[in-house]
Structures are given as C-alpha cells and as structure tokens.
Amino acid sequence: MADAVLGIETSCDETSAAVLVTGELASLVILSQDIHKVFGGVVPELASRAHLAALPAVVDRALAEAGLAPSAIDAVAVTAGPGLAGALLVGVVYAKSFAFAGGRALIGVHHMEGHLFAPAIEDRDLAPPFVALLVSGGHTLLLDVPAWGRYRLLGETRDDAAGEAFDKVATLLGLGYPGGPAIEKLAREGDPTRFSFPRPMIAEGFEFSFSGLKTAVLHAVRASDNLERDRAHLARGFQDAVLDVLVTKLERAVRATGYTTAVLGGGVACSRTLAARAAERLAGVARVAVASPRLNADNAAMIARAGWHRLRLGERSDWTLDARADLPLPGLEVGEPTHHAPRTTDSR
Ligand code: KG4
Ligand code: ZN
C-alpha cells in the first residue's frame, strides 16, 4: 500500500513538499526562492544551495501540517527531471535517503507529468481521454492523452516556451521576474486595439513558435516614443497574441480528436485569462479542466499526485534513481491525432 505519499519538488526555484493521503491533499508547502529576483532569472548554483538549506525544514513543515509523523509516510515521489541538474539532485538525494531509511517505496516523477496531474487533485473525476496543453517556463506541449501514462505528442514549441516568452517580454517592458503574472496584471489596463502582434504558425498544425513574437514586441518597444504610456497596451497586445495562438491550437486538437475535455497545466495555466479564453472558445465543444493557480505553479502536490498514480500501478524506482536535466516524458509517442469518438453538439 502506498496511501500516504510525500511529494518533493526542487526542479527550479521553488522548494516544495506535500503530503497526499489516498489522493487527498493533506498539506502543501512551497518556498519560493527570492534570491533570483535581483538577477532577473534563476541562477542554477544559487538554486541548488537554497534547496539544500531549506528542504529538510520544508518537508518537516509539510508533515506537521498534515498531522503525520514521518513513520506514517508509505512512499516518496520526487521530481527526477527535467529541470536544473543540481537543483533536481538535491530533491532526489533527499527523497532516496528518506525512502531508504524508512523502508518506503520511491518513485521518480517527470515534472511535466506532475503538471498534467495537477487538476486531478481538485477534480477527482477528471479522467482521460482528453487533450492537454502544458505551458511552463521550459515547455509548450500539446498532448493527446488517451489514458494516464500514454501521451501522444501533437505539437511543441520550435523555439521559446510560452512562459519563457512572457518572461522575456516582461524584461523588455521593464517588469520583474517572473514575467507572466506581471504581464497579466498590466494587460488588464491595456487597450487591445493599440498593438496588433503576429500570431506565429496559427493558421495550421499543432506546433508553436514564440521567438518571432518576442522580436516583434522588441521592435514596438524601440519604436515607442513613450514607453510609460504604451507599456500596458504592449502587454495587452502581446498577451492577446500568445493566448490566441495557444487557444486556437488547443481548439484544433480538441476538434481533431473529438474529445470533450481539455486540460490546461503548467505555470502559464496560472493565468485566469488563459483559462477564461479557453473556456470561451471551447464552449459547447469541450469542458476545460484547470487547477487552482497554486497547483499550477511548481509544487510538490502535483508530483505526489502523479507519483501516487504510478505507485498504484505497482511501479517503483530503485536506489539507482538519478536526476536527469533532460528526462524524457514516459509514455510519449509522436504522431497525428486519431479521431476517437463522435462528438455531439451538447457534449460538454
Ligand atoms: O511551471 P512553472 O511554474 O515553472 C516551470 O516548470 O518552468 O512555469 C513558470 C512560467 C514562467 O515563465 C511564468 O512567467 C509563467 O509560468 N506564468 C505565467 C503566469 N503565471 C506564471 N504566464 C502567464 N500568465 C500568468 N499569470
Ligand atoms: Zn513547472
């Protein structure tokens, strides 16, 4: 039995631990490393050191908030990749020690599979088949998910990830890191008609490209004679372009598969604007499942949830589990979507 799962996530700049008991979230602690703000981006070596200093206390806090002694934990799920090698290593070594010392099961989890499982924490009925759009600082993945653990890659980004584009444009606009939340907030005050940016690769297919859009914003910033006045309008124009591309491809994938559920995950899915636009576009076609923002940003609850799924299937990692910065998504196949089910007009 692996009913009480301790989740650990240290792939980037959040030190996080969570406890999941039979799939229910018992506690979640997320410590965001402030130190990177002054550098305008994550400094890997500083991230590793901060994880090392904070992780034991973060785990203790998660156990205390769950009201459980360490002895009550049956299994440990840890992000094994992808991410920053040194940062991942801190979590993996800690998880291995914790599991080994208590004779507990250990399972290594792919970070993006964690993001995929996040909405299933709050929505216990969520089940494949569905289309998933996973958008983070490092990835932009459009997946056909016929079953948990089986992922057909429909499209990904050819250059920058969606979150990366938000972060880079935020820097161009003189906003802080991370850029996504700052752009979303500022865009609310922006006039959508002032700047119209290109929607790269929107016309067909499932692939993404965001680096040209970033360059277009750069040119507009340079051409502006009053950045103070234009900043909110630029943020609005950029955000509208990115979200239009994301939602258009998501809709295309939903129509191609005939599924009636679409899942949004990853840090960019913290954007309530993205969730609202997707729901609007897919109204009458598919329901949109998206977790609360704190479960979409990097956190250990999603890792515990994905790990719990694999543990229940009898999967275990052994003591050779290693951190891998470029870990491939397990169960990933590349291919065209197959139309699975007839869709009726009232299937929501
Ligand atoms: O999943 P995540 O927390 O970390 C990675 O695995 O990369 O994603 C972080 C990304 C950052 O690029 C951040 O700017 C973006 O998610 N993000 C957002 C919003 N909140 C976070 N992007 C757009 N709108 C938001 N509200
Ligand atoms: Zn992430």
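Could we say that residue 195 is within 16 Å of ligand 1 (Cβ to nearest atom) and of a type outside the set (Ser, Thr, Tyr) here? Answer is no for this residue. Any residue in segment 79-86 that is in a helix (DSSP H, G or I) and open to solvent by less than 20 Å² (accessible area, probe 1.4 Å)? The answer is no; no qualifying residue exists. On the stretch given as segment 91-110, residues that are in contact with a Pro (Cβ under 9 Å, 6 or more places away or on another chain) and within 15 Å of ligand 2 (Cβ to nearest atom) total 1.
A quick yes/no check of all residues on (1) over 21 Å from residue 197 (Cβ atoms); (2) within 16 Å of ligand 1 (Cβ to nearest atom); (3) without any contact (Cβ under 8 Å) to a residue 24 or more places away in the chain:
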position	(1), (2), (3)
248	no, no, no
251	no, no, no
260	yes, no, no
263	yes, yes, no
266	yes, yes, no
279	yes, yes, yes
282	yes, no, no
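Report, by residue number, each residue of segment 296-348 that is modelled with pLDDT of 95 or more, in a loop (DSSP other than H, G, I, E, B) and more than 21 Å from the chain's Cα centre (by Cα). Passing the criteria: 313, 314, 315, 316, 317, 318, 319, 320, 321, 322. Restricting attention to segment 133-149, the residues that are within 14 Å of ligand 2 (Cβ to nearest atom) and not hydroxyl-bearing (Ser, Thr, Tyr) total 7. State whether one or more residues within segment 111-123 are more than 15 Å from ligand 2 (Cβ to nearest atom) and not hydrophobic (A, V, I, L, M, F, W, C). Yes, segment 111-123 contains a residue that is more than 15 Å from ligand 2 (Cβ to nearest atom) and not hydrophobic (A, V, I, L, M, F, W, C).
Looking across 166, 130, one residue alone is in contact (Cβ under 8 Å) with a residue 40 or more places away in the chain and within 16 Å of ligand 2 (Cβ to nearest atom). It is 166. The set of residues in segment 204-244 that are farther than 30 Å from residue 154 by Cβ and among the acidic types (Asp, Glu) comprises 225, 228, 230.
The values are calculated or read from the model by the stated rules, or taken from the named source; none is laboratory data. These numbers were taken from a predicted model, which means no experiment stands behind them. Counting neighbours? That spans all protein chains shown, and the Cβs are built from the backbone with ideal geometry, glycine included. Quick note on the areas: whole protein, heavy atoms, side chains included, nothing else; ligands and nucleic acids left out. Shrake-Rupley method; radii C 1.70, N 1.55, O 1.52, S 1.80 Å.
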